[in-house]
Each structure stands twice: as structure tokens, then as C-alpha cells.
Amino acid sequence: MTGKSMSWHGQTLAATGLFCLAIAGCASYDPSRHYGVDAAEHPARVVDKRKFATKVQPAADRKTNLAFLDLPGATRTIMIALAFTPNSEAVIDVYEYTVESGDGRRTSVYNDYPAFEVGHCVTLFTSSKPSYPRISPTGGCP
């Protein structure tokens, strides 16, 4: 730009372009790659819990460096995210839960959710997808 401020129309086009990029990114996500359409649910109970491993990942409290563009003569201020910088790393424990379904079958499930304890009732999800089996809290036991 040559010293002139970006017009309202230019700002709107820029915002629309960013919005379209965001929508395109969301639209390209294919949940069937992660969730098994053939998943079956089984009531189960946690019968064993042990710490299996730890993993390190960026902490959830990440900082975003922002820049604000207040252009002369413009009616809007534009906020631009310049970068995300992790403040620290989080060490996450991964547990191996052994769950027993109503038919007596035992299944090992690896999960970083720490709140399941021995005796808790869960729903066991099984599927041919590699991210299974999974468990979630439930209201009833087998």
C-alpha cells in the first residue's frame, strides 16, 4: 500500500478470505477416519488400572501473540494472530485400563483420562478402527 489506508471494502474482503480459509479447513476434516461406523457398545466394569506410559505435549495455556492494526480512516480495528508459543510442556500419564464386559471378556484400553478407577462402570466401544477400543463413563454396570 502506498500510504493510503485499507478501505472498508478491502478489510471486508480480507476478513471474508480468512473466514473462507477457516471453513475450508473445517470442511476437510473427515470424522469417519477417527470414529468407527461399525463401533459396538458393551457395558463393562474397570477391573484393573495401571500407569502405562507418559507423553509430553504443549501445555494448554498457550500464549497468542496478537497485533492490532488500526488504520487511519478505517472504521474497524483488525486483529492478527502472529504466532502461538507454548509456555511450557505438560507431562500426561497414559493408563492401561482392563475392563470386563458382561460376558466375562477382558479388554485392555489405553487412555490418558485419569478419573476411571477399579470398580467404575464404563461403556466399552469396539471397532475395526486402529484408535479402538475406547471407554467412556456410563450409568450402569454389566
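Just so it is clear, none of the values below were taken in a lab; they were calculated from the coordinates. What you see is a predicted model; the values in this text were computed from it and never measured. Quick reminder, even Gly has a Cβ in these numbers, built from the backbone with ideal geometry, and neighbours come from all protein chains shown.
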statement: Once phi for every residue in the stretch 96-110 is put through the Karplus expression 6.51 cos²θ - 1.76 cosθ + 1.60 (θ = phi - 60°), the whole-Hz ³J(HN,Hα) values, with Gly and Pro written as x, are 9, 9, 9, 10, 10, 8, x, 8, x, 6, 10, 9, 8, 10, 9
statement: Nearest-0.05 FRET efficiency for S128 and R105 at R0 = 25 Å, using Cβ-Cβ distance, is 0.90
Length released on extending from A59 to V47, taking residue separation times 0.36 nm less the Cα-Cα span: 1.2 nm
Within the stretch 101-132, backbone nitrogen closer than 11 Å to the virtual label 7 Å beyond the Cα of I92 toward Cβ: 111-114
query: Mind listing the phi-derived Karplus ³J(HN,Hα) values for the stretch 121-138, rounded to whole Hz, using 6.51, -1.76 and 1.60 with θ = phi - 60°, and x for any glycine or proline?
result: 8, 9, 9, 9, 10, 10, 7, 7, 5, x, 8, 10, x, 9, 9, 9, x, 8
